[in-house]
Amino acid sequence: EHCAQIRRSEVAKVCREGGNGSLVREYFQADFDIVTAANMTEERVLADAEVVKVASEVLELLPDVSYEVRISHRGVLSAVWQYTGVPVELRPRVAQVTLWAGVPPQTSSSHAPSLWNAARHQLVDVMGLQSMVVDRLETVARLSGEANATVARLRALLPQGNSSVVKALEELTLLVSYVRCWGVAGSVAVFPLLPPHDDLLSGVFFQVHLDTRVGSGPSMHCVAAGGRYDALLQQTWRKCDVPVLRGFDPVDTQVPGGTGVSLAIDKLEAAARGVVSQNKTPGVLVCAKGGGGLLRQRMDLVAEFWAAHLWAEILPTPQPSMTDHYSYANSVPGMRWLVVLSEASLAATGTVKVKNLTGRTEEDVPRTEVVRYIVALVQNKVGDRRSRDSETTFARSASNGALLASATDDAVEVKEGEGDDSSNQLFRRHSRKGHRMHKN
């Protein structure tokens with residue numbers, strides 16, 4: 001049977017060699033990976049964005065968290081090396097020095113303290129690089145920062161006649177738009193000189209840095225790293241002689257792509273000052289009927305569900321059919337509702353259709369109220385134990401603008417217009433926050 005996508009997660013001990021020839025050390029590490037048969041750039045970048053989102057969700061469980069997602073691309077890094085003229089044999093060492101030096105001041109005349117003075121000495125006097133090469137490295141490093149602005153500056157700096165550079169910058173732009181659409185709370189920056197943490201990474205790669213604030217200034221620590229490893233799969237795929245693996249692609253011509261992230265559990269544990277527990281809630285699959293798949297609209301809505309601590313998913317393809325949606329929903333244990341977006345309904349009435357897969361019912365709910373509607377169903381177990389009339393009453397009250405809702409991390413109150421006791425139900429959630437689950 002053809003499998004379009006596999007998600008896998010694991011928490012386990014790993015062993016790594018220490019720096020400078022020190023002994024091997026043992027760490028706790030959490031991994032999340034997505035392997036997809038899709039060959040379209042948009043679908044693979046969507047998987048990259050989901051991996052970044054998963055890492056951000058873990059960090060956002062920490063209290064008073066501040067973090068930064070630093071993104072780069074193999075194609076961009078290769079073009080930067082060519083632009084600066086750094087010899088191939090020196091690139092790994094130069095990358096480590098520039099990573100240590102960080103982002104230089106925005107102007108060379110700035111009197112702000114900078115590690116680049118020491119870095120320049122190391123690069124010129126120790127490694128033997130020409131001053132012109134180091135000047136170009138500093139220019140590129142100075143571009144690091146807000147993602148869209150950095151990509152625009154890289155387009156102006158790097159040769160656009162190189163198709164791989166153009167493709168890499170397009171993938172970065174698309175990834176940033178998807179990550180922001182999914183509501184990643186941390187800042188998202190592009191670092192052109194960011195070295196890949198693994199030689200096997202072949203496309204987009206990233207690091208997540210946690211701001212732990214030591215003293216009066218920030219102290220950034222890398223707590224997660226990930227990226228796309230298509231090249232690794234291409235190297236090993238043809239060597240596999242396992243029928244299940246060959247069955248991943250019916251025509252046996254397309255090598256699947258893989259992307260993932262590793263989180264340093266020990267560092268996160270040290271940063272955590274509390275324990276957050278979460279419990280599974282019924283799931284929501286956000287769908288689209290017509291309109292070219294309405295990918296951005298689906299992403300916007302699923303991000304709203306996640307913000308309300310609900311388990312919600314979309315199919316990671318631009319234009320899935322309703323048959324695909326039903327097939328996936330029926331294959332996932334616990335998937336309860338389909339929320340169907342229709343371009344015509346949104347334009348005419350501003351509503352979406354909520355289909356209950358267990359009760360075989362459906363209702364039209366205002367798009368602006370659908371998250372609160374699902375929250376109320378989850379808290380009151382309407383989908384399990386209440387009649388169709390209960391859902392209809394809630395949907396009608398929302399349509400009439402009589403729904404007043406306030407949501408916090410610990411409780412959700414849903415109050416309707418004046419009437420009998422049943423119309424003034426108070427639905428509370430007692431430390432039971434839903435979360436998005438992934439198939440392993």
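The values are calculated or read from the model by the stated rules, or taken from the named source; none is laboratory data. Please read these numbers as outputs of a predicted model, since none were measured by experiment. Backbone-built Cβ (ideal geometry, glycine too); neighbour counts: all protein chains shown. Only protein heavy atoms, including side chains, enter the accessible area calculation; ligands, DNA and RNA are left aside. Shrake-Rupley method; radii C 1.70, N 1.55, O 1.52, S 1.80 Å.
Is there any pair with a first residue in segment 293-305 that is closer than 13 Å to VAL184 by Cα and a second that is of a type in the set (Asp, Glu) whose Cβ atoms are under 8 Å apart and which are 6 or more apart or on different chains, and what are they? Between residues of segment 293-305 that are closer than 13 Å to VAL184 by Cα and residues that are of a type in the set (Asp, Glu), the close pairs are VAL302/GLU313. Among residues belonging to segment 306-342 that are of a type in the set (D, E, K, R) and touching a residue at least 12 places away in the same chain (Cβ under 8 Å), point out the one that is nearest to GLY292 (Cα to Cα). In this case the residue turns out to be GLU313. Is it fair to say ALA189 is closer than 23 Å to GLU42 by Cβ and open to solvent by 40 Å² or more (accessible area, probe 1.4 Å)? Here the answer is no, as ALA189 does not meet what is asked. May I ask you to list the residues in segment 85-119 that are more than 31 Å from the chain's Cα centre (by Cα), modelled with pLDDT of 80 or more and on the phi < 0 side of the Ramachandran plot? The answer is VAL86, PRO87, VAL88, GLU89, LEU90, TRP116, ASN117, ALA118, ALA119. With respect to GLU10, is the statement that it is modelled with pLDDT under 90, farther than 22 Å from ALA303 by Cβ and part of a strand (DSSP E or B) true? No: the conditions fail for GLU10. Does ALA30 meet the test of being of a type in the set (A, V, I, L, M, F, W, C), modelled with pLDDT of 90 or more, part of a strand (DSSP E or B) and surrounded by 12 or more Cβ atoms within 10 Å (Cβ to Cβ)? Criteria met by ALA30. Looking at (1) farther than 27 Å from ASP135 by Cα; (2) open to solvent by 20 Å² or more (accessible area, probe 1.4 Å), find the lone condition where ARG153 falls short. ARG153 satisfies all of (1) farther than 27 Å from ASP135 by Cα; (2) open to solvent by 20 Å² or more (accessible area, probe 1.4 Å) except (1). Considering segment 219-246, and only residues there that are in a loop (DSSP other than H, G, I, E, B) and open to solvent by 30 Å² or more (accessible area, probe 1.4 Å), the residue that is modelled with the highest pLDDT turns out to be TYR229. The residue that is modelled with the lowest pLDDT, among those in segment 33-59 that are of a type in the set (A, V, I, L, M, F, W, C) and open to solvent by 30 Å² or more (accessible area, probe 1.4 Å), is MET40. Just to be sure before I move on: is VAL179 more than 30 Å from PRO63 (Cβ to Cβ) and among the β-branched types (Val, Ile, Thr) in the structure I sent? No. For segment 281-293, the tally of residues that are crowded, with 23+ Cβ neighbours inside 10 Å and closer than 13 Å to LEU346 by Cα stands at 1.
Where helices (runs of 4 or more DSSP H) fall wholly inside segment 335-386, the ranges with 1 or more residues that are at pLDDT 90 or above and farther than 12 Å from LEU310 by Cβ are 343-348.
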